[in-house]
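*Asks:* If you scroll down you'll find the structure; I have some questions about it.
Laboratory data are not the source of any read-out in this text; all were calculated from the coordinates shown. In this text, all values refer to a predicted model and were calculated from it rather than measured experimentally. Using ideal geometry, Cβ is built from the backbone for each residue, glycine included, and neighbour counts are taken over all protein chains shown.
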Amino acid sequence: MARISPLFLVLLSLGFFFATYNLLTMTIQNRATGTLVVDESDRRLLSDPIIEMPENVRKPKNAKLPFHIALTATDAPYSKWQCRIMYYWYKKKKDLPGSEMGGFTRILHSGSPDNLMEEIPTFVVDPLPAGLDRGYIVLNRPWAFVQWLEKATIEEEYILMAEPDHIFIKPLPNLAHGDYPAAYPFFYIKPVQNEKIIRKFYPEEYGPVTNVDPIGNSPVIIKRELLEKIAPTWMNVSLRMKDDPETDKVFGWVLEMYAYAVASALHGVQHILQKDFMLQVWHLIF
């Protein structure tokens with residue numbers, strides 16, 4: 001074997017050091033903002049620091065409120081592979097005790113059927129007009145939901161917006177409560193710290209920037225009728241954000257997540273921030 005340069009080893013070590021340091025820093029920041037989220041135990045809803053939850057939206061004991069799982073996807077091989085894994089684990093967990101998982105739809109925004117149509121329940125919608133996404137394919141997501149909600153027959157009252165890289169590790173109950181959707185709080189979504197940009201799309205007359213939840217659109221469990229109102233606004237705000245150079249530069253790959261948070265706030269919808277909704281890699285490390 002060729003000898004490895006000492007300089008290369010030093011640079012490699014420094015690279016691992018900075019990667020670990022950044023991950024640790026992000027985790028600490030996440031924990032530092034833990035006052036914004038709530039836990040749920042024994043299916044009892046605790047108070048949300050953002051919204052005090054009214055008694056009349058609490059779920060009756062032993063009531064089942066199934067939700068429909070919906071994820072948008074492309075016809076790329078990697079996306080197909082992810083969807084197959086997710087659907088496999090959905091079928092494994094769907095009927096277990098504690099689950100309120102209902103039907104499943106892969107919303108395919110390629111405009112054409114593919115070879116997974118018979119394996120995974122799929123609804124085909126059109127992509128955005130050519131060039132409108134400017135290479136940011138995630139912009140097709142809100143447009144896909146708009147089309148699906150308009151054209152599909154959805155039996156469940158609630159919808160879980162998921163993504164192909166999600167895996168169900170345990171049966172999932174319905175974490176939403178009436179008109180209060182449930183969402184996972186992301187520590188890197190910081191509306192208050194980005195108030196100048198947020199105000200371009202969420203004017204002061206709508207209220208304080210704290211009305212914009214630190215979330216993305218996934219995972220979110222939400223009433224279908226609420227999503228039908230939010231989805232067109234979510235699509236329009238996403239396109240406006242992408243069209244604004246400053247917003248596009250600052251928000252980058254999470255732009256569409258911010259757009260959903262802003263669109264929800266514009267409709268007066270705030271979410272129960274459920275930190276145990278999703279398990280991420282750094283939860284296992286630290």
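*Asks:* If each of GLU118 and ALA76 carries a label point 7 Å out from its Cα toward its Cβ, how far apart are those two points in nm?
*Replies:* Between GLU118 and ALA76, the label points sit 2.7 nm apart.
*Asks:* Scan around GLU100 for amide H atoms under 5 Å from its own, H built in the peptide plane at 1.01 Å from N, and keep only partners 5 or more places away or cross-chain.
*Replies:* Here LEU172, ASN174 satisfy the definition.
*Asks:* Report the relative contact order of the range 150-286, percent, no decimals, based on alpha-carbon pairs under 8 angstrom and at least 6 residues apart.
*Replies:* 34
*Asks:* For GLU155 and GLU246, what is the calculated FRET efficiency with R₀ set at 35 Å and r taken between the beta-carbons, to the nearest 0.05? Don't skip to the end; give the middle numbers.
*Replies:* Working: r = 43 Å, r/R0 = 1.22.
Once the sixth-power term is evaluated, E becomes 0.25.
*Asks:* Mind checking which of VAL254, LEU279, TYR188 is farthest towards the positive end of the range 142-286's charge dipole, using Cβ charges of +1 (Lys, Arg) and -1 (Asp, Glu) about the Cα centre?
*Replies:* With unit charges placed on the Cβ atoms, the residue in question is TYR188.
*Asks:* Can you give the Kirkwood hydrodynamic radius of the range 78-163 from its Cα pairs, in Å with one decimal?
*Replies:* About 14.2 Å, per the Kirkwood formula over Cα pairs.
*Asks:* I'd like to know how the range 177-286 sits against the 2.2 N^0.38 Å rule of thumb: what's its Cα Rg over that expected value?
*Replies:* 1.04
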